[in-house]
Structure formats: structure tokens, C-alpha cells
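The structure that follows is given in the form of C-alpha cells.
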Amino acid sequence: MNFSLAIHGGAGTITRSSMTSDKEQKYLQALDNALKAGETILKNGGTSLDAVSAAVQNLEDCPLFNAGKGSVFTNSGGHEMDASIMDGRDLSAGAVAGVRSVKNPVLLARAIMEKSEHVFLAGQGAAAFAKSIGMQFEVDEYFFDEFRYQQLQEAISSGKVQLDHTENGNKKFGTVGAVALDQHGNLAAATSTGGMTNKRYNRIGDTPMIGAGTYANNATCAISCTGHGEYFIRSVVAYDISCLIEYKGLSLQEACEIVVQQKLVKIGGEGGLIAVDAKGNIDLPFNSEGMYRGMVRSGEVRSVMIYK
């Protein structure tokens, strides 16, 4: 049995003109590192769940991406992180929203799935659960990034909530995610984010919502989304793709095309997603300028991309 793995590090207005070659290399290297972390597990016969966990954890630990260590600042100058994970074998899932100080929210989401009878925990309760199982916490300084802090000052001065910005003030949807099919034929998906710069009122996007930002079902596909979360929630994007495959018999590519390039565009939803189906086909559609992404299949060389 072959394996397939895809990852993303966010979508949005990501253009060559807004990227220095040094920064571009750093992004490509970081994507490749995360891809390699997941690939190594799959190559050795490991589970898709372990592979997506490892890939997303790797991206959370990299300050270039808006998740974990590189999370953007909220209006109050803190961090509120969201993550989710889903196992295609039995549709079990775990999700967390609005947690602070947890080093790797994706590992907390997985712990909620495996060690509690719940799917979705939030805020202080999620933190209490994380402490009870010995999850790793970090001090505020660990999450501090000067570039992110400047983004907050910019957002406060303009009085707006900002999507994770690129240098020239364009939109970038900072979310990270991974989807995989392992050698045993099992699918899994995981997604993690720091949300929007200057967000208030504990705003939550699609990332931790099963069916909107993340979904995996062995019968159909595994999906991880990145984009303007409000639109992805309204369109139940991840589950919609699975439904088109299950009930209409569409191919992965056809289903993704309808949802990302037609349905989302129609309501003004910008972004993209990564998808892998039960046969190991991979699709990485997006309707924005660019998407940090990468993919690898058994017997193939890892490839990472940024632009269209």
C-alpha cells in the first residue's frame, strides 16, 4: 500500500514581489522540514494520525507560521490558539479553541480525542485539561515575535482586525495543516492556527471546527483548510467536499474545484485547502494569490511551493 501526505502553511496574497529571496528560502525550507517529519513516519509504516501530528507540530514550532510559536497577537496583546485533528478510521476527532501558553495546540487536540470523552474544549477549561495530562506549556516570551507584534500595532492604529499580513499589507491567512493516507489505508487530517491579528471577544475561525476547517473519513478524503474562516464555517467546506465524493461520486479534484473555485468564490471566501482521498490522490486548490504548501507520495520526491 502506498502513502500520501500534503501540508500547508497558510494561503492569501502571497506574491513574488512581496518576498525577499532569503525569506522565500526560509519558508520553503520550513515546509520541507515539516513534510519530511510526516514522510519519515509514513515511510516506516507509521499511522496517518502520527504523520499529521508530527508535520503540524513541526510547523507550530516554526515562528514563520501563524500557529504555535509564531501565533499572531490578539487585541489584548496575548495569544489565543485553535487546533483540531480527525481520524478517518472511526471519525473520532479532537479540537481546542482559544488556548494560551500551550506549546503545541495540535497535541492538545489529539489528547482531547484520545484521553477524554469529548471532541471540543475551549479556553480555561481546555488549559485545565492540558495541565491535568501534563501537556507542555511555555511562557509568554516564547510566543513573542517582533514581526507579529508590529502587525498588532498596525492593526490597532487602523482599528481593524487583520488577517495575518504579508509585508506589503496584503491578506495572508495564517493557518497550518496536514492530511495523510498511510500504508494501512487510513486517512487523517490536522489543522492549527493563531487566528487573526487584533482579534477580540474570543473570536474563533474554522480551524478547530470539525467539518468546516478539518475533516477525515476513510470512505472519502482528508481535508485541512486555510482561509477567511468565517466563510469556511458558513460553507462547511471540509465536509462539503467529502459529501460531494460520497453522495455524488465526484473525484477529489472535481469536488475541490466546485467548493474552492465556485462555491467559496461566489460568497467572497478567499483561501484554499489540502486534500487527499482514499486512493492517495492529492489536490491543493486555492483561490488566493498563493498558498504555502507541499506534498509527497511514496516513491516520489518531496515538493514544496508558494505561488500559483
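Taking the range 161-193, which residues are at pLDDT 85 or above, out of contact with any Pro (no Cβ under 9 Å at 6 or more places or on another chain) and of a type outside the set (A, V, I, L, M)?
Within the range 161-193, 175, 177, 182, 183, 184, 185, 186 qualify.
Can you give me the number of residues within the range 88-123 that are in contact with a helix residue (DSSP H, G or I) (Cβ under 6 Å, 6 or more places away or on another chain) and polar (S, T, N, Q)?
Residues in the range 88-123 being in contact with a helix residue (DSSP H, G or I) (Cβ under 6 Å, 6 or more places away or on another chain) and polar (S, T, N, Q): 2 in total.
Starting from the range 98-113, keep only residues that are touching a residue at least 60 places away in the same chain (Cβ under 8 Å), then list their pairs with residues that are part of a strand (DSSP E or B) and surrounded by fewer than 24 Cβ atoms within 10 Å (Cβ to Cβ) whose Cβ atoms are within a distance under 7 Å, requiring at least 6 positions of separation or different chains.
So the pair list comes out as 98/122.
Name, by its number, the condition in (1) crowded, with 21+ Cβ neighbours inside 10 Å; (2) out of contact with any helix residue (DSSP H, G or I) (no Cβ under 8 Å at 6 or more places or on another chain); (3) of a type in the set (A, V, I, L, M, F, W, C) that does not hold for residue 3.
Status for residue 3: all satisfied but (2).
Scan the range 229-252 and give yes if some residue there is surrounded by 19 or more Cβ atoms within 10 Å (Cβ to Cβ), within 30 Å of residue 75 (Cβ to Cβ) and at pLDDT below 95, otherwise no.
yes
Still on this structure: Keeping to the range 194-222, report how many residues are of a type in the set (Ser, Thr, Tyr) and at pLDDT below 95.
Total meeting the criteria: 2.
Hey, could you check the range 265-301 for residues that are crowded, with 16+ Cβ neighbours inside 10 Å and among the basic types (Lys, Arg) and say which is nearest to residue 206 (Cα to Cα)?
The residue in question is 293.
Whether any residue in the range 36-49 is free of Cβ contacts under 8 Å to residues at least 40 places away in the same chain and either more than 26 Å from residue 185 (Cβ to Cβ) or under 17 Å from the mean Cα position of the chain (by Cα) (or both) is what I want to check.
yes
Shifting gears a bit: With the requirement that a residue be polar (S, T, N, Q), under 21 Å from residue 293 (Cα atoms) and in contact with a His (Cβ under 9 Å, 6 or more places away or on another chain), what does the range 197-228 give you?
Selection gives 224, 226.
Residues that are modelled with pLDDT of 95 or more and loosely packed, with under 15 Cβ neighbours inside 10 Å: list the helices (runs of 4 or more DSSP H) wholly contained in the range 73-154 that include at least 2 such residues.
105-115, 123-132
The values are calculated or read from the model by the stated rules, or taken from the named source; none is laboratory data. Predicted model only: the values in this text are computed from it and were never measured. Please note: Cβ atoms are built from the backbone with ideal geometry, for glycine as well, and neighbour counts cover all protein chains shown.
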